[in-house]
Structure formats: C-alpha cells, structure tokens
Amino acid sequence: MTAVDPQSPLAIYREEARRYDRRAAWPTLVGRLRKEAVARLELAAGDTVIDVGCGTGASFAALQERIGPRGRLIGVDASPEMLARADARVLTAGWQNVQLVRSAIEDAEFEIQADAALFVLTHDILRSRQAVANVMAALVPAGAVAMTGAKTGPRRYSITNLIVRRAVKRYVTTLEGLEQPWSVVSEHIPDLRVRSAAFGGAYLAWGPLPN
Ligand SMILES: C[S@@+](CC[C@H](N)C(=O)[O-])C[C@H]1O[C@@H](n2cnc3c(N)ncnc32)[C@H](O)[C@@H]1O
C-alpha cells in the first residue's frame, strides 16, 4: 500500500470528512460568504459551473438554485471520503445534473468549457499554480470566478491573524499566501475585485476572465 503523506490534503480529509459539515462548513460567517460568492458568479439557468474542491458539497444547494435542472454542476475533489458525502447529498436531494470527479485539481480533465468556477475554503488549491491554471483553462472566455475563505490581515490585526492561522491550520497543507489567497487567480483575472470581511480574517474575491 502507498503511504500517504500526513501533510497531504488526502490525509487531512480522510480524518476530517466525518465531522466536516458539523465543524467547518456551516458556521454563519462561512454560510454567508458562501452564498455571496455564489451570487457573484451571476449564474443563469442552464449554466455549467465547476465547484473546485467541492468537498462534501456544501455549496451545491446554492448553486442549484441558480443553474436549475438544465444546468450542470461539476464537483471536483481529491478526497474520496469528502466526495462520498457529496454523493450522498446529491442522492438525497435528487439532483440529476451533478457530475462528481475524484481528482487532484492539478490533473482534472474537464470535458466541456464551463461558465463559472467557485472556490470556497480551498486555500491549498488557490496556492497551486498548476491547479488554478487548469481550472482557468476549463472556463469559457469571460467565464466567472468567485472565491472565499480565510485570510490574514495587516500586522495591526495580530489577534485576528492568530485566530485565523489556528483555525485554518487543520484544513490546509500550507499557510503560504494567506495574506492574499487570491493572488495566483489575479494573474489570470486582472479585474479581480476583493472584499475583506470579519475584521480582515476572511475575504471574498470575484471577477470575469478576459474575453
Ligand atoms: C476545506 S475543504 C472545502 C470544501 C468545500 N469547498 C466547502 O466549501 O466546504 C477543502 C477541500 O479541498 C480538497 N482539496 C485540497 N487540495 C486539493 C487538490 N489539490 N485537488 C483536489 N482537491 C483538493 C480537499 O480534499 C477538501 O475536500
């Protein structure tokens, strides 16, 4: 059997999947930012959207509300444990338009060009140039991107920064780039807009790819 690097996302979410929805996905702030990120995608009925690092599918209901049954939702995640929960969520809701793909985002093969991509609580993925480039290449020209998650602020927010680092440590393999988690995406989206939330401890970023 291949040994799993304990620092890899696979190892983290093998453990975390059981308690993820209870612990990480639903607190009020995250729920609010998730909804806003989905709204920023400005999806229309029938659109195709990629939920990047979809985990247990915590964003699926909000995405479905926008794309409707004619739309297509592609959830990609490397963790079989998280995807098993996403799959159960899809079955329970009876959604027929969801494709779950088990893959590292870096290697994911997207069969069609999507209208939009959502990144919620996906710091590791956002810090991977290869992963970000792969997702951007899977979008149509002017495709919409939105992301939200934790961030640290300037030095004067030292208490917030401490709390943020402690909170995210268990879910990520790197704290690199935590001051500007969107920076790699902004290389693809010059007009990326960023809003800070929660006393600098969280962010929302969104914008369209160039035409
Ligand atoms: C904190 S969870 C967020 C899940 C979901 N987006 C949400 O809003 O609850 C991060 C997810 O990213 C996945 N992940 C991390 N790095 C990945 C990579 N390189 N490729 C695919 N999935 C990855 C993990 O397996 C995990 O399910």
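The values are calculated or read from the model by the stated rules, or taken from the named source; none is laboratory data. Here the structure is a predicted model, which means the values were calculated and not measured. Quick reminder, even Gly has a Cβ in these numbers, built from the backbone with ideal geometry, and neighbours come from all protein chains shown. Side chains included, ligands, DNA and RNA excluded: accessible areas come from the protein's heavy atoms. Shrake-Rupley method; radii C 1.70, N 1.55, O 1.52, S 1.80 Å.
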Applying a 10 Å radius around every beta-carbon, put 153-161, 203-211 in order of their mean neighbour count, most first. 203-211, 153-161
Report relative contact order for the range 129-183 in percent, whole number only (criteria: Cα-Cα under 8 Å, sequence separation at least 6). 34 percent
Cα gyration tensor category, rounded, prolate or oblate, for the chain with a/c compared to 1.5: rounded
Contact order normalised by length for the chain, with contacts defined as Cα pairs under 8 Å and 6 or more residues apart; what percent is it? 20 percent
The range 38-139: C-alpha gyration tensor shape, a/c 1.5 cut-off, then a/b vs b/c: oblate
First check a/c for the range 150-211, with a ≥ b ≥ c the square roots of the eigenvalues of its C-alpha gyration tensor; if it is under 1.5, answer rounded, and if not, answer prolate when a/b is larger than b/c or oblate otherwise. prolate
When the helices in the chain are scored as -39500 (n - 2.57) per DSSP H run of 4 or longer and the sum is shared across all residues, what 222 nm value do you end up with, to the nearest 500 deg cm²/dmol? -10500 deg cm²/dmol
Ignoring ligands, DNA and RNA, please state the percent of accessible area on the chain from carbon and sulfur, probe 1.4 Å. 52 percent
Using Cα-Cα distances under 8 Å and only pairs 6 or more residues apart, what relative contact order does the range 51-114 have, in percent? 38 percent
